[in-house]
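J.: For reference, the structure I am asking about is given below.
Bear in mind that the values in this text are calculations on the coordinates, not laboratory data. Keep in mind it's a predicted model, so treat the numbers as computed, not measured. Neighbour counts are summed over all protein chains in view; Cβ atoms, including those assigned to glycine, are modelled from backbone coordinates with ideal geometry.
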Amino acid sequence: MSVSLRYDFGKNWQEFVDRRLGEEAIRQSQDRIAEFLRVPSLQGLSFLDIGCGSGVHSLAAHRLGASVTSFDYDPLSVRTTEQVRRYGGEPENWHVMQGSVLDTAFMREIPPADIVCSWGVLHHTGDMWNAIRNAAIPLKPDGVLYIALYSSEIYVDPPAEYWLEVKRKYNAQGPIGRRLTEWWHVFRFHLMPALKAGRNPLQVIRDYGDRGMTLMTDVRDWLGGYPMDFAGLRETCNFCRNELGLDLVNVRAGEGCTEFLFCRSNAERWQGIEKARKLVPVRGPFRHHLELSYAFDIPELADQSDDESNTRRSRLMLYEDGIPLGFAHSEIYEVHTHGRGRFLHQRGSVYFSASDNSNPNENGRSYAYCVPY
């Protein structure tokens, strides 16, 4: 790979911190981390942020009570995280350093952590599977590995190969070409889908606040992010189970990155949270909706389902043979056209597809749901 095509993530994060860092962005990141870990606080726990980027996740973890270690390959990202640490009062239990997750010796020097987090980073190393393997080195025996990877199941229209070419061209462009590509992307992949769904496209821009980021920061991060690998949900689960001895505890998919939470099977602290979930079996026959889509009704949860005013309100998780399907909040046309475990909880009904696009009335698998509290 040409060095010139490697995206300058640090510059993007520096610009975000200089212009947009504030309490609301930090609160959004705190909420996202606490919700996914399903804990109200990280008090007394250690948090390792691999590829810390802007440093916002690290500050959020510190605000939740954790002692934090942050590192990044990019020197400017390290400086940006140090700037955010100063914003947070320069706490003594937060350390920032430069290093690479691909450097096995470096990873072995890092103190063991209760929570090892790498959000949207490992697929940009050029050696994703080895990066995941190394990320688990500092994980405590009862700790959790929290990673987010670009999903191969999501990028089908356009496919992954299309995006790799877009990224190569974006990184080869000058400033004007990049700005034009960014606004083309916003129009095609943010505004047009909102219009088709009957939503106000300007509201999409105003309300954007994923992980405390801004829309344009994330657009530049997405278009520029190169090198790049894609990972399938089951492919990632199988790798972590077979290579690292880690089981899936939680998953959140349906967006560009799929978030995974893994732990060892004997990690009682985290397995206890998982076991507290009550899976409600769903028995067929399921209604055939369209093509790959099937449906069942749960009218008692209608007031908790997605609707036009909040397209990501539902917290329902759907399981196939005890494994989360993961791809929640999908558009209905994506469920029946692309399938592969996509589902939508809307107006008291669940529209879903089997993980392999088979007929759930005939594939012999069991289905269940739960709504995490």
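J.: Taking the simple approach of a point 7 Å from Cα along Cα-to-Cβ for both Lys278 and Asp307, what is their distance in nm?
T.: 2.5 nm
J.: Here is a follow-up. Just give me a number: lysine pairs in the chain, eight or more positions apart or cross-chain, with C-alpha atoms less than 27 Å apart.
T.: 4
J.: Additional query: Using a Förster radius of 35 Å, what is the FRET efficiency between Asn266 and Ala34 based on their Cβ-Cβ separation? Nearest 0.05, please.
T.: Between Asn266 and Ala34 the formula returns 0.90.
J.: Return the inverse of the average 1/r over all pairs of distinct C-alpha atoms in the stretch 212-342, which is the Kirkwood hydrodynamic radius, in Å to one decimal.
T.: With all distinct Cα pairs of the stretch 212-342 included, I get 17.2 Å.
J.: Sticking with this structure for a sec: Take the Cα atoms of the chain, find their three principal axes, and give me the spread along each one in whole Å, biggest first.
T.: The Cα atoms of the chain stretch 56, 51, 37 Å along their principal axes.
J.: Any idea what diffusion coefficient the stretch 278-370 gets from Stokes-Einstein, in µm²/s, Kirkwood Rh on alpha carbon pairs, 25 °C, 0.890 mPa s?
T.: It comes out at roughly 192 µm²/s.
J.: If you don't mind, another one. Can you give the translational diffusion coefficient of the stretch 160-224 in µm²/s, computed by Stokes-Einstein from the Kirkwood radius over Cα pairs at 10 °C and 1.306 mPa s?
T.: 126 µm²/s
J.: Per the helix-only calculation at 222 nm, which mean residue ellipticity applies to the chain, given -39500 (n - 2.57) for every DSSP H run of n ≥ 4 and division by its residues, nearest 500 deg cm²/dmol?
T.: Here the helix-only value at 222 nm equals -10500 deg cm²/dmol.
J.: Separate question: Please work out the Cα center distance from the stretch 331-346 to the stretch 103-148, rounded to the nearest Å.
T.: Each part reduced to its Cα centre gives a spacing of 32 Å.
J.: Here's another thing I want to ask about it. Using a Förster distance of 35 angstrom, determine the FRET efficiency expected from the C-beta separation of Val371 and Ile137, and round it to 0.05.
T.: With a Förster radius of 35 Å, E is 0.50.
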